[in-house]
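Here is the structure we will look at.
The values are calculated or read from the model by the stated rules, or taken from the named source; none is laboratory data. Treat the numbers as computed from the prediction; the structure is a model and nothing was measured. No Cβ is skipped: glycine too gets one built from the backbone with ideal geometry, and neighbour counts run over all protein chains shown. Remember, those area values only see protein heavy atoms, side chains included, never the ligands or the DNA or RNA. Shrake-Rupley method; radii C 1.70, N 1.55, O 1.52, S 1.80 Å.
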Amino acid sequence: KRDKERLLESLRKRVEALQVLYEVSQQSGDAPTYEAIVERVLGAISRVLPYDCGAAILAADEGRRAMLRLRCASAVSDKGLLWVKEAMLSYQRRQSGRLLTEDQVITRVAGPHPGGEGASGFKSSLSVALLARGVPVGTLALFSQAEGAYSAEDGQLLDVLANQTADAIQSLREAEQEARMRIERMVESMADGVI
């Protein structure tokens with residue numbers, strides 16, 4: 001009976017993950033910013049893998065700062081948010097080999113944030129790399145106050161969801177690059193016309 005319940009729960013998570021994947025892939029075309037993509041994904045993941053604090057860091061492109069998005073599903077203290085931030089910077093440093101300083105990271109927090117009260121540490125965490133065409137572009141992580149909150153199967157589900165996020169991010173980067181090149185070509189041809 002326990003095995004049956006465990007298998008049913010696993011199946012429920014997989015079905016919910018497929019629904020989340022479908023929603024994210026449908027909405028990725030109308031997400032105008034990296035932050036909008038990350039916020040949608042963190043919101044959708046909470047339906048599959050419950051967390052107290054979800055976080056995503058997107059590595060900086062040349063000339064840009066990195067973006068760290070924290071989404072609290074329950075009350076998290078300032079100390080807890082700082083702990084998550086340090087953990088995310090550590091995960092990113094391990095994956096990219098690059099140290100991000102405080103002034104290179106823009107941090108945004110959403111959800112219940114009472115300040116001094118709430119969770120200040122987490123007993124369980126689960127993190128995966130955001131890879132776009134094999135290149136690390138960031139890290140996605142979930143933090144829970146419950147001990148042993150995540151299994152290896154949960155890690156696989158999060159990895160699948162993270163890959164979908166990375167694809168949406170890569171599509172947005174390509175669109176930005178194309179727009180930038182189009183503007184540069186327009187400016188170059190405009191100079192010839194003025195001359």
### Query
Around residue 55, what is the net charge, scoring Lys/Arg as +1 and Asp/Glu as -1 over all other residues with Cβ under 10 Å from its Cβ?
+3
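Sort 145-151, 70-76 by the packing proxy (mean of other Cβ within 10 Å over each peptide's residues), most packed first. Display every interim value, and only then the final one.
Details: 145-151: 14.1, 70-76: 20.9.
Result, highest mean first: 70-76, 145-151.
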### Residue-level accessible surface for residue 79, protein heavy atoms, 1.4 Å, Å²
140
### Query
Gain in length, residue 108 to residue 6, computed as 0.36 nm per residue apart minus the alpha-carbon separation, to one decimal in nm?
33.1 nm
### Query
Which lysines does residue 13 reach when only Cα atoms under 28 Å apart count, and residues fewer than 8 places away in its own chain are ignored?
1, 4, 85, 123
